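Quick notes on the structure that follows.
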Amino acid sequence: MDSVCPRCHGSQESIVHVFFECPFANIIWRHLSHPLNIDNIPPRLAPEWIELILNPSTHLGLNPQDAHAFTLLAAIACDRIWWSRNKLVFDSSPPASPIDVTADINRSFSAYSNAWKLKMQPTISAWEPPPPGWVKFNFDVAITLSASFPSAIFRDSNRHFISIFTAKESISSLAWAKAKAALLAVSSAANLQLPSIIFEGDAKIVIDSIKAPSSTPFWDLRLIISNIQLLLPYFSQVVFNFCHRASNGLTHSIAFWASFCSTWGPQPISSIPSWVLCEDSDGQVPPLLSLPSVGLPDQ
Ligand SMILES: [Zn+2]
């Protein structure tokens, strides 16, 4: 970035300018569902902005749970500001207004927050460990604007974690992404040479398609389902279970965390933050509290 800002044409296009100082970004931050008045924050370098977003407790005085919410909102805002900048530079489509981009950010934030709140409600069915001698792989996926992040968690009959895997894929449909998560679970289990396995997910269409491949209604699932079928001879006993979304919550949280950090591959349990894992096998999840206004909104 060494040219003039394509948005305001009033300044050099630096990282700090694009995300925070450009009038376009300034309007967005002021109109977020929990606004931030950039003008009230002393000028800082890009690494200092990242530090502020990652540690808002220290820099903005938020309590730890509000700090998580702020970090999420700020990460979504940065993602959308960058995406709309690239649309402006590389697409011939008319540029989105800052108000439209803000509405998109607020919608996404609300969707993520609601997903967390849903998990706070009493669970309809808790995760059940596999019987002794068996292991269970739960699979799920989180989807962002540009990619999907399948996850697979592998636990034994004592509820102990054995392995956690995440992957990064493109996006086709939700069913396609959930099928990719099933393939991640099955291929990971085949590599581990485990004999008796239960695979469990909350996508009924995927589970039904694996059980009866000819019934697959979606053409884009067929190749993934047939790849799963090819791996089944690696197991001496294999079961595919449909489960309620509530009992798949931890797997979804890990997929969400992977999408948030953009990380994929085998994940050591020590690499996963406690706020992700504290949703235990019985569906308990830490609340995401409402975020107070930060700075002085100018509306
Ligand atoms: Zn600008």
* Asked: What does the convex hull of the Cα atoms come to per residue for the chain, in Å³?
  -> 150
* To do: Starting from the Cα of residue 157, step 7 Å along the direction of its Cβ; do the same at residue 145; then give the gap between the two resulting points in nm.
  => 4.9
* Structure fact -> Scoring the chain by relative contact order with C-alpha pairs under 8 Å, at least six apart, yields a percentage of 22
* **segment 135-277, relative contact order in percent, only Cα pairs under 8 angstrom and at least six apart counted** => 32
* **Residue order, fewest to most beta carbons within 10 Å, for 113, 157** => 157, 113
* For labels at residue 103 and residue 222 in the simple 7 Å Cα→Cβ model, what's the distance in nm? -> 4.0
* In whole angstrom, how far apart do the alpha carbon centroids of segment 16-89 and segment 198-275 sit? -> 34
* Structure fact -> Percent antiparallel among DSSP beta bridges confined to segment 135-277, rounded to 5, stands at 60
* Point-to-point label distance, residue 196-residue 12, nm (Cα→Cβ direction, 7 Å offset) -> 6.7
* Asked: What number comes out for the charge environment of residue 200, summing +1 per Lys or Arg and -1 per Asp or Glu over other residues with Cβ under 11 Å away?
  -> -1
* Asked: Dipole of segment 135-277, Cα-centred, from +1 at each Lys and Arg C-beta and -1 at each Asp and Glu C-beta, to the nearest 20 debye?
  -> 60
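None of the figures in this text is laboratory data; all of them are computed from the coordinates on show. Because the structure is a prediction, the values reported are computed rather than measured. Here Cβ is always computed from backbone atoms with ideal geometry, including for glycine, and neighbour counts include all displayed protein chains.
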